[in-house]
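Before anything else, here's the structure in question.
The values are calculated or read from the model by the stated rules, or taken from the named source; none is laboratory data. Owing to the predicted nature of the structure, the values given are computational and were not obtained by experimental measurement. Using ideal geometry, Cβ is built from the backbone for each residue, glycine included, and neighbour counts are taken over all protein chains shown.
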Amino acid sequence: MPSSLALVVLDLAGTTIEDHDVVARCLVEAVRAVDVTVDHEAANAVMGLPKPVAIAQLLAQHDGMPIAPLGSERVLRATSVFERAILRHYGSPGAVVPIAGVEETLDDLRERGAKIAIDTGFSAVVADAILDRLGWLAEGLVDVRVASDEVRRGRPAPDLLFEAMRRVGVTDVATVAKVGDTPADLGEGANARCRWNIGVTYGTHARDALAGHPHTALIDDVRELPAALGLESARVRVRPAGARGRRPANRV
């Protein structure tokens, strides 16, 4: 592994766990609760943002305003509906499924000395509900997670990434990689001036939707991540079910 790679920061839904438009559908449901109707395309356009900000933008677009106040009753009510809906989904059997190959890929990077962080547009409550089911923090596959309500500014500002760096003791962004499936993720990596800023095309945004945003690489499979980080000789090893104490991928 290049000695300069110290930390890989990855998004959650759509990047490391399967999404299947769940987050967008919950956003549509959330704004419908305050009598606003938006389509899937509009909801997908705000993916990756902190969810109160995403909801405020959807309401503002509907109302013809620059942005709805984050502290307004409508934003607060819709955000509450979103959190209940997303927690209900991720609490159901079989709902939390890792992207194929992601656990082996993260194992490979960790064995080469990189720290692994998850950052997300979800709140800490939602992020923890997902990660607790995966067991990634408890098992040591992931070193830290940072949620959008734990920093002053969410994506595309770099605050999430900088907080992940602080928590693992990494000080140089030239040793950090950002990985995500939305324009907001790529904006975060660009604004942080990460050495590697990698978009994944298997999540909420296809390659053509990410191509116009700052990036160092776009990958179609998470197992391509080592090569995108300059690890051309890396081989992601397929672990047997239950390795490192894990259950099979469809376990939750």
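Within segment 206-237, take every residue that is at pLDDT 95 or above, touching a helix residue (DSSP H, G or I) at 6+ places or on another chain (Cβ under 7 Å) and of a type outside the set (A, V, I, L, M) and give me the one that is surrounded by the most Cβ atoms within 10 Å (Cβ to Cβ).
His215
Pairs, please: C-beta under 9 Å, at least 6 apart or cross-chain, first residue under 24 Å from Val173 (Cβ atoms) and in segment 115-139, second among the aromatic types (Phe, Trp, Tyr)?
Hits for this filter: Ile116/Trp136; Ile118/Trp136.
For segment 160-176, which residues satisfy the criterion of being in contact (Cβ under 8 Å) with a residue 12 or more places away in the chain, surrounded by fewer than 24 Cβ atoms within 10 Å (Cβ to Cβ) and out of contact with any Asp or Glu (no Cβ under 9 Å at 6 or more places or on another chain)?
Selection gives Phe162, Val170, Asp172, Val173, Ala174, Thr175.
Check whether at least one residue in segment 23-43 is modelled with pLDDT of 95 or more, of a type in the set (Lys, Arg) and over 17 Å from the mean Cα position of the chain (by Cα), and report yes or no.
For segment 23-43, residues modelled with pLDDT of 95 or more, of a type in the set (Lys, Arg) and over 17 Å from the mean Cα position of the chain (by Cα): present.
While we're looking at this one, here's another question. Could you run through segment 125-143 and say how many residues are surrounded by 15 or more Cβ atoms within 10 Å (Cβ to Cβ) and either in contact with a helix residue (DSSP H, G or I) (Cβ under 6 Å, 6 or more places away or on another chain) or among the charged types (D, E, K, R) (or both)?
Taking segment 125-143 as the starting set, the residues that turn out to be surrounded by 15 or more Cβ atoms within 10 Å (Cβ to Cβ) are 126-127, 129-131, 133-137, 141-143.
After this cut, where a residue has to be either in contact with a helix residue (DSSP H, G or I) (Cβ under 6 Å, 6 or more places away or on another chain) or among the charged types (D, E, K, R) (or both) as well, the list is 126, 129-131, 133, 137, 141-143.
Of the residues in that region, 9 qualify.
Now for a different question. Does Glu111 satisfy the condition of being modelled with pLDDT under 95, over 21 Å from Ala184 (Cβ atoms) and assigned by TED's automatic domain parsing to the domain that holds Val200? Step through it out loud before you land on a result.
Numbers: modelled with pLDDT under 95: yes; over 21 Å from Ala184 (Cβ atoms): yes; assigned by TED's automatic domain parsing to the domain that holds Val200: yes.
In short, yes.
Looking at segment 23-41, is at least one residue crowded, with 24+ Cβ neighbours inside 10 Å, assigned to a loop (DSSP other than H, G, I, E, B) and in contact with a helix residue (DSSP H, G or I) (Cβ under 9 Å, 6 or more places away or on another chain)?
Within segment 23-41 (the criterion being crowded, with 24+ Cβ neighbours inside 10 Å, assigned to a loop (DSSP other than H, G, I, E, B) and in contact with a helix residue (DSSP H, G or I) (Cβ under 9 Å, 6 or more places away or on another chain)), the answer is no, since none of the residues qualifies.
Continuing with this model, one more query. Which condition from (1) under 15 Å from the mean Cα position of the chain (by Cα); (2) modelled with pLDDT of 95 or more is the one that His20 breaks?
Unmet condition: (2).
Looking at segment 55-73, is at least one residue over 15 Å from Leu134 (Cα atoms), touching a residue at least 40 places away in the same chain (Cβ under 8 Å) and buried (at least 17 other Cβ atoms within 10 Å of the Cβ)? Before the answer, list the steps.
Taking segment 55-73 and keeping what is over 15 Å from Leu134 (Cα atoms), we get 55-73.
The next check asks that each one be touching a residue at least 40 places away in the same chain (Cβ under 8 Å); those that pass are none.
No, segment 55-73 contains no residue that is over 15 Å from Leu134 (Cα atoms), touching a residue at least 40 places away in the same chain (Cβ under 8 Å) and buried (at least 17 other Cβ atoms within 10 Å of the Cβ).
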